[in-house]
Amino acid sequence: MFLIFTLGALSVVLALILTPLVRDYLGKWGFLDHPDGVRKKHAVPVPRVGGIAIVLSYIITFAIALALPFTYTEHLHRSLPEILPLTLVGSVVFLTGVLDDLIGLAAWQKLMGILGASVLAYFAGIHVDVHLLRGLPQWPWLGFAITVLWLVGCTNAFNLIDGMDGLAAGVGFVAAVTMLVAALTQSNLPLALATMPLAGCLLGFLRYNFNSASVFLGDSGSLLIGFMLGCYGALWSEKSVTLVALTVPLLAVSIPLIDVVLSILRRFLRNRPIFQADRGHIHHRLLDLGLSPRKAVLTMYGICALVAALSLVASALHNQFSGLIVLVFGGAVWIGIRQLDYTEFASASRMFLGGKFRRIIDVETRMADFESSLSKAVTMEECWAQIRKGSQDFGFHGVRMSLNGSVFEEACSDGQAKARWQLRIPLPNSQYVNFSRDFDSNMNPLVLSAFVEAVQRGLEARATGPSSTEVIRMAAATGGRYYTTAASAVTGELERMAR
């Protein structure tokens with residue numbers, strides 16, 4: 001215990017001393033984070049060398065502890081073979097982050113560095129123990145895949161939440177302390193000796209990183225913190241004796257991981273690149289709810305501390321109530337996400353639960369059937385029958401077709417003269433198909449665009465020759481006035497409106 005306290009005290013003091021030195025002397029050598037007025041709203045450029053200061057403090061802590069002439073340091077000497085591989089594979093992630101801070105790496109380049117480090121970690125003996133997952137096939141590569149996925153997920157999670165002063169470092173500190181307590185309760189001395197210096201370094205670094213920060217973590221810091229905590233969680237899982245206990249390390253870093261999952265889902269639903277930065281993270285939503293930056297960060301600290309306490313309780317209770325704790329946590333997450341009021345998830349929920357998704361599938365199916373039937377029509381009469389049926393099925397009130405020298409027309413009228421808009425689909429050689437619909441009727445713009453494409457493709461075999469410009473003609477039947485616009489522009493606008 002004295003050794004653990006010694007490591008903690010040394011790491012805090014060293015971080016307090018080295019952080020301002022690294023900030024002042026290395027920050028000016030290309031490690032500055034410049035404000036952009038959008039996502040980076042700090043007033044002046046801030047050095048992003050926090051990761052370098054933390055690594056130096058971490059290494060020097062062990063160097064001093066190994067040199068101390070106390071008998072209890074023998075435990076550190078015996079545990080060093082288990083700690084050393086952890087620090088060596090961590091250096092790969094750290095160097096990846098340093099390069100990104102210095103010259104800027106593409107997202108795939110950073111991912112390759114993280115993947116490489118995760119693979120090295122597995123072969124260095126850092127495994128997520130999956131022997132309790134009896135419901136899954138016991139393939140030799142399954143443990144490898146889960147370990148790599150876990151480490152990559154944790155690393156990117158802390159990188160993504162590093163968007164406010166003190167957030168990633170504070171959340172990392174809470175998680176590191178949680179894993180330290182778990183290591184002590186499990187009598188896992190190597191894990192405790194590895195986590196204590198990281199917790200101390202983060203605590204000392206927060207003195208300069210909390211709002212308003214004079215130094216940022218940078219990718220070298222956020223990536224390293226996430227990767228090291230992922231490794232600690234994997235080592236923690238190796239001591240698990242129940243299936244539910246395997247989820248306990250997951251709870252310790254769950255808030256950053258939930259933020260990653262939400263970000264991926266949000267960007268997928270909005271058809272945005274997965275790695276594109278935005279202002280939709282949990283801490284941004286807290287700001288949008290009216291919290292100040294300081295209160296938003298403290299709120300995140302409190303949530304992470306509560307979840308960390310639950311993870312320790314679940315670990316201590318084993319089979320008794322740990323499953324119930326996990327279920328309660330899942331319910332709390334669902335409620336929390338609803339309170340954050342994400343438009344993407346609300347829209348998706350309305351689509352699935354309100355029947356809109358089923359209606360889209362129905363329209364897509366009917367459109368495909370219509371196009372297939374139209375393309376299979378042999379005679380001109382069969383072709384006209386399919387056009388007329390499609391006009392009725394998709395809500396048009398009139399249709400006129402001029403094709404291969406024949407003119408077909410059908411109009412639905414209730415005896416009242418109504419203003420109608422007209423959709424004209426020109427075909428080669430001055431041929432066309434016109435569809436009309438009452439102005440006071442509603443039609444989904446995407447359905448309209450898809451219907452135009454279905455008719456064009458269905459009539460390709462019958463209307464040969466050079467393609468003509470598509471035109472949508474809006475006609476007032478009672479006034480005889482026409483307004484024409486190129487359909488490519490209108491269709492693009494309709495699609496934009498539908499999005």
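Tabulated values for the structure
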quantity: Additional length obtainable on full extension of the chain from S406 to L32, 0.36 nm per residue less Cα span; calculated: 127.4 nm
quantity: Where segment 1-119 is the region considered: accessible area per residue in Å², 1.4 Å probe; calculated: 52
quantity: Taking the convex hull of Cα positions in segment 46-178, its mean projected area over all directions (nm²); calculated: 10.6
quantity: Extension gain from D393 to L184, taking 0.36 nm per residue of separation minus the Cα-Cα distance; calculated: 68.3 nm
quantity: Inter-centroid distance (Cα atoms) of segment 344-376 relative to segment 60-129, Å; calculated: 51
quantity: Cα gyration tensor shape for segment 253-308, rounded if a/c is under 1.5, else prolate or oblate; calculated: oblate
quantity: Pairs beyond 27 Å (Cα-Cα), from K28/K295; K356/K389; K295/K356; calculated: K28/K295; K295/K356
quantity: Carbon and sulfur %, accessible surface of segment 182-237 computed with the full protein complex present, 1.4 Å; calculated: 58
quantity: Efficiency of FRET from Cβ geometry, L306 and S349, R₀ 45 Å, rounded to 0.05; calculated: 0.95
quantity: Anchor K110: aspartates and glutamates whose Cα lies under 17 Å away (excluding residues fewer than 8 positions away in-chain); calculated: D100, D101, D162, D219
quantity: Peptides 19-27, 270-278, 148-156 ordered by average Cβ neighbours within 10 Å, highest first; calculated: 148-156, 19-27, 270-278
quantity: Stokes-Einstein D for segment 41-91, Kirkwood Rh over Cα pairs, 37 °C, 0.692 mPa s (µm²/s); calculated: 248
quantity: For segment 172-225, radius of gyration divided by Kirkwood radius, i.e. Rg to Rh on alpha-carbons; calculated: 1.06
quantity: Rg/Rh (Cα only; Kirkwood hydrodynamic radius) as it applies to segment 244-398; calculated: 1.25
quantity: Extension reserve of the L99-R78 stretch, reckoned as 0.36 nm per residue once the Cα distance is removed; calculated: 4.2 nm
quantity: Segment 141-229 - accessible surface per residue (Å², probe 1.4 Å); calculated: 26
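The values are calculated or read from the model by the stated rules, or taken from the named source; none is laboratory data. Everything numeric in this text was worked out from a predicted model, so none of it was measured. Neighbour counts run over all protein chains shown; Cβ positions are idealised from the backbone, glycine included. For accessibility, only protein heavy atoms count, side chains too; no ligands or nucleic acids. Shrake-Rupley method; radii C 1.70, N 1.55, O 1.52, S 1.80 Å.
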